[in-house]
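Derivation of every value follows stated rules applied to the coordinates shown; laboratory data play no part. Given the structure is predicted, the values throughout are model-derived calculations rather than measurements. Note that each Cβ is placed from the backbone with ideal geometry, even for glycine, and that neighbours are counted across all protein chains shown.
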Amino acid sequence: MPRDMNRAVSALRLNFFMMGVLLGGWSTRIPEIKTALHMSDGTLGRTLIGAAVGSLISSQIIGKLIRELGTKKVFYMGTVIFPVGYLTLAFAPNPYFIFIGITLFCTGYLFLDNPLTIITQDLETKADRKFLSGFHGFWSIGTLCAAFIGSFLIGHVRYSIHLTSIAVIAFTVLVISAQSLEDHKDVEAKKKAVRLPWKGSVGFIVLVVGIGMLFSQGAEFGATDWSALFLRDVLSVTGQFYVGAYIAFEAGMILSRLQGDKYIHKYGPELVVRLCGFAGSSLWLISMLAGVSLHSSHKVIAYIIILIGYFFAGAGVGPLFPGFITILGKVPNIDMGVALSRAFLIAIAGFAVVPAAIGAISDLTSLTTGMLIPIILLAGAGVLSRVGRYSEKVHSK
């Protein structure tokens, strides 16, 4: 690849890595924040609805901002917004401030993620190869590193100091590395507002892709946000060991995402999403049921089985989100800024529905029952991969 393209690839890998650090750093301290603020599972689930609110705010303005200002300026706006949310989470005195912090953090996060996705698709067009799944692999490496380091800080460093440090480091790295990104500006799109109706074939594809991304996000964050609580509260795992499921899940995601570009290019995103959705959900369910049934008599074996299940779950979830984005990108004559904003709005709505549902069901029954939701969503994402065939039919007309 040309030298400037190599620089862009390196910058994108670093940016996706740092965004993974942001998600991983927050997720590993959720149990401590829950305990410190005396939140129940239901209360925690309701605070996570702030992610959906942040998504709604972003979806209403980000497409227009990208058309008017370009991807790079919108990205810089995100680097300013997300630290405010992160610091609010670090020093929140009650669950209401956790809600506000998540709202701000998610708003800023999407101001980073949406431009990076569009820049990546421009790069894929120029290089005539796939990068998105691999870049999401670096995102997963970031979450894994954050979880690994965070596991050693639990009980030794206050979560407020930990989160503040991540905010400062991430802000610095993102601002500096963004200088190597190539801006995307659609001059023709700036002349008039782009409307994307909900009805019609294109609107239907965006809707289904958004729901598929919702299922993918719901399965992913249902696993990561609740994995430590599942090990602590169901299997009575204590200390750094309750981060094990999170690390196993992210390890599976890294391997599948780093290989995802090759298989998506070879077999197509539809087949990859379908197989990963079905296989990942089946193995996750089997391991969870086996681990729960064995934990009272064979605690170590149960712990290992649960970790294996989370690894396969991560491997199944890994290619789903970039796979659905690839399906969306195949739709002809579509404004990706607008389409991604709508799809992300639907996808991040899973932050409102899934965590709240897991928390509510856990309060009424058990966390084991609540964890069936992300497993079902993972299988559902495999079913919705069929939208790729519909997209090809639209493209051929």
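Taking 0.36 nm per residue of sequence separation and subtracting the Cα-Cα distance, how much length would be gained by fully extending the chain between Ser40 and Ser296, in nm to one decimal?
Values: separation 256, 0.36 × 256 = 92.16 nm, distance 2.43 nm.
Between Ser40 and Ser296, full extension yields an extra 89.7 nm.
Taking a threshold of 23 Å on the Cα-Cα distance, which of the pairs Lys73/Lys266; Lys126/Lys266; Lys72/Lys126; Lys73/Lys262; Lys266/Lys330; Lys126/Lys330 fall above it? Could you put the intermediate results ahead of the total?
Values: Lys73/Lys266 35 Å; Lys126/Lys266 19 Å; Lys72/Lys126 18 Å; Lys73/Lys262 32 Å; Lys266/Lys330 15 Å; Lys126/Lys330 15 Å.
Those over the limit are Lys73/Lys266; Lys73/Lys262.
Report, in whole Å, the centroid distance computed from the Cα atoms of region 242-260 and region 97-158.
A separation of 14 Å, based on Cα centres.
With 10 Å bins from zero, work out the P(r) of region 1-117 over every alpha carbon pair and list the percent per bin.
So the P(r) values, bin by bin, are 14, 40, 29, 13, 4, 0.
Just subtract the alpha-carbon distance of Glu182 and Leu289 from 0.36 nm times their residue separation and send over the number in nm, one decimal.
Details: separation 107, 0.36 × 107 = 38.52 nm, distance 4.78 nm.
Length gained between Glu182 and Leu289: 33.7 nm.
Could you compute the FRET efficiency for Tyr96 and Thr238, with r as their C-beta to C-beta distance and R0 at 30 Å, rounded to 0.05? Can you show the working numbers first?
Values: r = 29 Å, r/R0 = 0.98.
The computed FRET efficiency comes out at 0.55.
Give me Asp233, Asp183, Asp128, Asp225 ranked fewest to most by other Cβ atoms within 10 Å of their Cβ, as a rough exposure proxy.
Listed from fewest to most nearby Cβ atoms, that is Asp128, Asp183, Asp233, Asp225.
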